[in-house]
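Below is one structure, written out as C-alpha cells, with a few remarks after it.
The values are calculated or read from the model by the stated rules, or taken from the named source; none is laboratory data. Treat the numbers as computed from the prediction; the structure is a model and nothing was measured. Note: ideal-geometry Cβ built from the backbone for every residue, glycine included; neighbour counts use all protein chains shown. Just the protein is used for accessible areas: all its heavy atoms, side chains included, with ligands, DNA and RNA removed. Shrake-Rupley method; radii C 1.70, N 1.55, O 1.52, S 1.80 Å.
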Amino acid sequence: MNNMTFDPRDFYTKLDELYAAGDLQAVESFILSAAKESRVENEGRTSRHIMHMNELAGFYRGQSRFEEAMAAFQETEEALLSLYGDYSSEYATFLNNKAGAHRMIGELEKSLALFQRSLEIYEVVGENNAYLLAGVLNNIAILYQVLEKKDMAIDALISAAEKLKENPQMKDELVTVLTNLVALFRDSGKEKEAQSYIEDVKRIQAQMRGEDADIERA
C-alpha cells in the first residue's frame with residue numbers, strides 16, 4: 001500500500017473492531033502485520049509506520065509487556081526524529097507517551113525527565129492546547145509527589161491551573177487540579193493556602209451551576 005493513498009481511518013476502524021471483540025491476540029497480530037508492511041517503505045521513516053509502532057508500543061504497555069513496549073518505542077523514536085526532528089509537537093507527544101511507560105515500570109527519574117523534555121518542546125514550538133499542556137504538568141506533579149518533592153509538585157499544579165484558566169471550557173479539569181492543590185497544601189501543613197484554593201473551587205463550581213461568581217482569583 002502506498003503511503004500517499006493510505007487512510008488511517010481504515011487502520012483504526014479495524015483496530016477498534018478487534019479491541020471491541022476482546023481478542024488481544026488478533027489485535028497484536030493485526031498491528032504487527034501492519035507495522036511489517038509499513039516498515040519496508042522508506043525504511044520505516046513514514047507517518048504511517050510511526051502510527052503503527054505507536055499503537056504497538058501502546059498495546060504492549062497496556063499488557064505490561066514492557067520490554068517489547070520499549071523496543072517499539074525505540075523504533076518509533078528513530079522514525080519520528082528522522083521525519084520531524086527533536087523539536088516538534090509530534091516528538092513531544094511521543095516523549096509524553098514514553099514517559100508514561102517508564103513511570104509504570106518504576107523508572108521515576110527517567111519518566112520525570114521525559115515529561116519535562118516533552119513540556120519544554122511544547123513550549124518552544126508554541127503548542128497552545130491547554131488540556132495537553134496541563135496534562136503533562138499534572139503528570140510531572142504526580143511524580144514530584146511520589147519523589148517526596150511536594151513544593152515542586154505544587155508549582156507544577158499551579159502552572160497546570162494557569163494553563164486551564166486559558167480555556168473557559170475546561171472548568172471541570174480546573175476544579176480537579178485545584179482540588180489536588182488543596183490536598184497537597186494540607187499535606188504540606190499549609191492550611192492557609194489550602195483554604196484559599198477551596199474558595200477558588202467553590203467560586204468555579206458556583207459559576208458552573210450558573211450562579212454569580214468571581215473566579216478571577218483561581
- Note on the structure: Those helices (runs of 4 or more DSSP H) completely within the stretch 129-201 that have 1 or more residues that are among the acidic types (Asp, Glu) and surrounded by 19 or more Cβ atoms within 10 Å (Cβ to Cβ) are 171-187
- Task: Considering (1) in contact with a Ser or Thr (Cβ under 9 Å, 6 or more places away or on another chain); (2) open to solvent by less than 80 Å² (accessible area, probe 1.4 Å); (3) not hydroxyl-bearing (Ser, Thr, Tyr), say which one Gln207 fails and leave the rest.
- Result: (1)
- Could you please tell me which pairs satisfy a Cβ distance under 7 Å, a separation of 6+ or placement on different chains, a first residue in the stretch 128-145 that is under 15 Å from Leu174 (Cα atoms) and of a type in the set (Phe, Trp, Tyr), and a second residue that is open to solvent by 30 Å² or more (accessible area, probe 1.4 Å) and in a helix (DSSP H, G or I)? Tyr131/Glu173
- Among the residues of the stretch 172-183 satisfying the criterion of being touching a residue at least 40 places away in the same chain (Cβ under 8 Å) and of a type in the set (A, V, I, L, M, F, W, C), which is farthest from Ala130 (Cα to Cα)? Leu178
- Note on the structure: Picking from Ser89, Ser64, the residue that is over 20 Å from Gln25 (Cβ atoms) and of a type outside the set (A, V, I, L, M, F, W, C) would be Ser89
- Screening Ser38, Ser64 for residues that are of a type in the set (S, T, N, Q) and in a helix (DSSP H, G or I) leaves only Ser38
- Item | Search result, residues across the stretch 4-48 that are open to solvent by less than 50 Å² (accessible area, probe 1.4 Å) and polar (S, T, N, Q) | Ser38, Thr46
- Just wondering, is there one or more residues in the stretch 114-124 that are part of a helix (DSSP H, G or I), within 17 Å of the chain's Cα centre (by Cα), more than 30 Å from Val182 (Cβ to Cβ) and touching a residue at least 24 places away in the same chain (Cβ under 8 Å)? yes
- Query: Only one of these conditions is not met by Ala113: (1) over 19 Å from Gly58 (Cα atoms); (2) buried (at least 16 other Cβ atoms within 10 Å of the Cβ); (3) hydrophobic (A, V, I, L, M, F, W, C); (4) modelled with pLDDT of 95 or more. Which number is it?
  - Reply: (2)
